[in-house]
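A short write-up of the structure that comes next.
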Amino acid sequence: TSCFSFQNEINEVPFFDIQLPYELALKIFQYLGKTELGRCAQVSRTWKILAEDEVLWYRLCQEEGYLLDTSISDHSCWKLALRNCRAREHTLKTNWKNRIGAVSQLQYELGKVLCDVHSWDGVVIAGYTSGEVRLWDTRTWDYTAPILEPTHGPGDAGPRPHVSFVRINSSLAVAAYEDGTISVWSLLLGREPIHHYQHNQRIQALALGAEGATVATAAGFQVKVESPDDRGVWQTTGTFEIQKLVKFLNLVPDVMGSPVTIAAAEDTVYLLKAEDPGKILHSVYGQPATCLDVSAHEAAFGVRNFGWLLNEPNQILLYNLETSQCLRKMGNSIGDFTCVNLQNSPPNMLVTGNKDRRVRVFDLRRSESVCSLYAHQLGVSAVQMDDWKIVSGGEEGLVCVWDQRMGTKLWEMHARHPVRHVWFNSHSLLTAHIPEEKAPRGTSATDEDLTAHRKHRGIIYAYEFSVEQLAVESVLPICRSSYDEMTGYNYNIGLAVPYDSI
């Protein structure tokens with residue numbers, strides 16, 4: 001505080017051989033970085049007060065992307081706040097690299113086999129062969145897994161249809177069932193569906209907008225787009241008839257006005273919007289699309305060549321959605337590209353997985369491979385990257401974490417079934433291992449207990465690397481212990497608590 005009272009008395013700052021007003025000197029110091037400010041703080045007492053001015057450090061904090069939603073009055077010492085943020089980021093990175101943290105299974109005992117999993121910002125949705133849809137919020141340790149109720153009542157005879165696809169975003173959860181029905185729930189309003197509609201054929205693809213409330217589904221040769229109007233009443237905003245069976249479906253994020261859908265159907269990729277119902281983005285006869293991802297302005301998809309053009313192997317194509325021009329052709333691999341992640345990748349980067357067992361990162365500005373990692377024995381099934389690491393999942397059930405710059409594997413975890421979903425942020429990682437076989441041997445509808453053996457069911461893992469999250473109050477309940485119970489057979493052992501009170 002003495003520092004601040006002294007600062008208020010400074011009107012003029014000695015600047016070499018002249019005296020400058022404090023505000024003007026501060027303007028000059030705004031062009032300096034952390035290191036230079038540190039050096040200036042060693043010049044004199046006046047310069048030290050100037051170099052540690054809150055305005056400068058608040059600006060540096062914002063520039064580095066920390067505490068973006070705060071104002072300058074929220075912290076008393078912004079230099080310390082920046083240091084703490086950087087230290088936390090360093091700790092998180094170290095924890096990721098050395099696999100320090102907690103891992104838990106999102107278990108659901110009564111269910112049958114896992115059919116599909118999706119997540120948004122740590123909230124996980126899972127659909128099962130029993131027709132049930134479950135939610136977990138992994139941002140708090142005490143997972144509850146509420147069931148989202150189906151539309152048909154308990155009086156309906158016979159087993160419920162399997163869940164084919166599930167999707168979730170910030171406000172909605174959607175499930176598509178094998179009988180062609182789609183249910184939409186609001187995450188704010190609770191367990192009853194807010195909207196329900198039907199296709200008369202099996203659903204092949206389901207897409208939910210990253211933000212907002214738009215659902216797209218493809219069944220047979222039809223793509224339907226549903227969203228609520230201004231009054232919140234759901235309606236069909238677009239129905240598109242396509243001559244081919246859709247395999248991949250994505251909604252373009254951040255679109256003003258009517259929604260835009262990208263559909264990959266066999267060897268044609270369509271750009272579907274109400275004004276231009278059948279616009280073809282890309283079509284080459286006999287070269288089917290093998291994976292698809294869409295960002296706000298671009299679409300990336302893999303194409304398979306059938307080998308009579310030996311000089312053109314399988315590639316990833318990048319299209320601009322505004323101009324419908326092909327911007328880049330990347331890669332030349334013998335295997336099919338099985339997964340591509342454009343939306344969650346850093347700017348100008350793209351990560352792909354391939355049947356030839358490799359994970360490749362491409363620089364979109366130069367359309368060349370930045371790194372190629374030999375990753376999974378049976379082909380890559382899910383990938384995501386950020387500015388320093390890549391997480392990949394394979395058909396053999398392995399999840400690998402890679403250091404992108406070094407091109408080295410940091411660690412791996414194995415589970416029984418193929419990895420179908422991978423999602424991470426700075427401090428947590430979610431992976432879903434989903435069985436290919438939905439009716440494992442030894443279980444049938446006539447069995448008494450209708451439950452498959454646990455090893456056949458598939459599994460969802462949640463990893464947590466944050467030190468704050470591993471504090472005592474967020475330790476799993478079974479691992480909390482106060483050490484003052486004298487009973488010898490209490491299994492409530494504090495695994496993540498230091499032994500300082502013994």
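Things to note:
- Residue in region 309-319 that is part of a loop (DSSP other than H, G, I, E, B) and at pLDDT 90 or above present: no
- Looking only at region 73-92, and only at residues there that are open to solvent by less than 70 Å² (accessible area, probe 1.4 Å) and either small (Gly, Ala, Ser) or assigned to a helix (DSSP H, G or I) (or both), the one that is nearest to residue 125 (Cα to Cα): 92
- Checking each residue of region 37-52 against the condition of being in contact with a Ser or Thr (Cβ under 9 Å, 6 or more places away or on another chain), over 24 Å from residue 426 (Cβ atoms) and in a helix (DSSP H, G or I) gives no match.
- Residues in region 8-54 that are small (Gly, Ala, Ser) and without any contact (Cβ under 8 Å) to a residue 24 or more places away in the chain: 38, 41, 51.
- Of the residues making up region 238-272, those that are open to solvent by 60 Å² or more (accessible area, probe 1.4 Å), modelled with pLDDT under 90 and closer than 22 Å to residue 210 by Cβ are 254, 256, 257.
- Test: residue 37 is of a type in the set (A, V, I, L, M), more than 31 Å from the chain's Cα centre (by Cα) and buried (at least 17 other Cβ atoms within 10 Å of the Cβ): yes
Per-residue answers, yes or no, for (1) charged (D, E, K, R); (2) assigned to a loop (DSSP other than H, G, I, E, B); (3) at pLDDT below 95; (4) surrounded by fewer than 16 Cβ atoms within 10 Å (Cβ to Cβ):
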site	(1), (2), (3), (4)
335	no, yes, yes, no
339	no, no, no, no
346	no, yes, yes, yes
352	no, no, no, no
356	yes, yes, yes, no
366	yes, yes, yes, yes
369	no, no, yes, no
373	no, no, yes, no
377	no, yes, yes, yes
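- Condition met for residue 331 (of a type in the set (Gly, Ala, Ser) and either closer than 16 Å to residue 422 by Cα or open to solvent by 40 Å² or more (accessible area, probe 1.4 Å) (or both)): no
- Scanning region 412-430 for residues that are open to solvent by 20 Å² or more (accessible area, probe 1.4 Å) and not hydroxyl-bearing (Ser, Thr, Tyr) yields 412, 413, 414, 416, 417, 420, 421, 423, 425, 427.
- Condition broken by residue 67, with the remaining ones in (1) touching a residue at least 12 places away in the same chain (Cβ under 8 Å); (2) on the phi < 0 side of the Ramachandran plot; (3) open to solvent by 50 Å² or more (accessible area, probe 1.4 Å); (4) outside any helix (DSSP H, G or I) satisfied: (2)
- Within region 100-119, tally of residues that are in a loop (DSSP other than H, G, I, E, B), closer than 17 Å to residue 454 by Cβ and not polar (S, T, N, Q): 7
- Some residue of region 120-128 being of a type in the set (Gly, Ala, Ser), within 26 Å of the chain's Cα centre (by Cα), surrounded by fewer than 18 Cβ atoms within 10 Å (Cβ to Cβ) and part of a strand (DSSP E or B): no
- From the options 386, 403, residue that is open to solvent by less than 30 Å² (accessible area, probe 1.4 Å) and among the charged types (D, E, K, R): 403
The values are calculated or read from the model by the stated rules, or taken from the named source; none is laboratory data. What you see is a predicted model; the values in this text were computed from it and never measured. Backbone-built Cβ (ideal geometry, glycine too); neighbour counts: all protein chains shown. Protein only, heavy atoms only, side chains kept; ligands, DNA and RNA dropped before computing areas. Shrake-Rupley method; radii C 1.70, N 1.55, O 1.52, S 1.80 Å.
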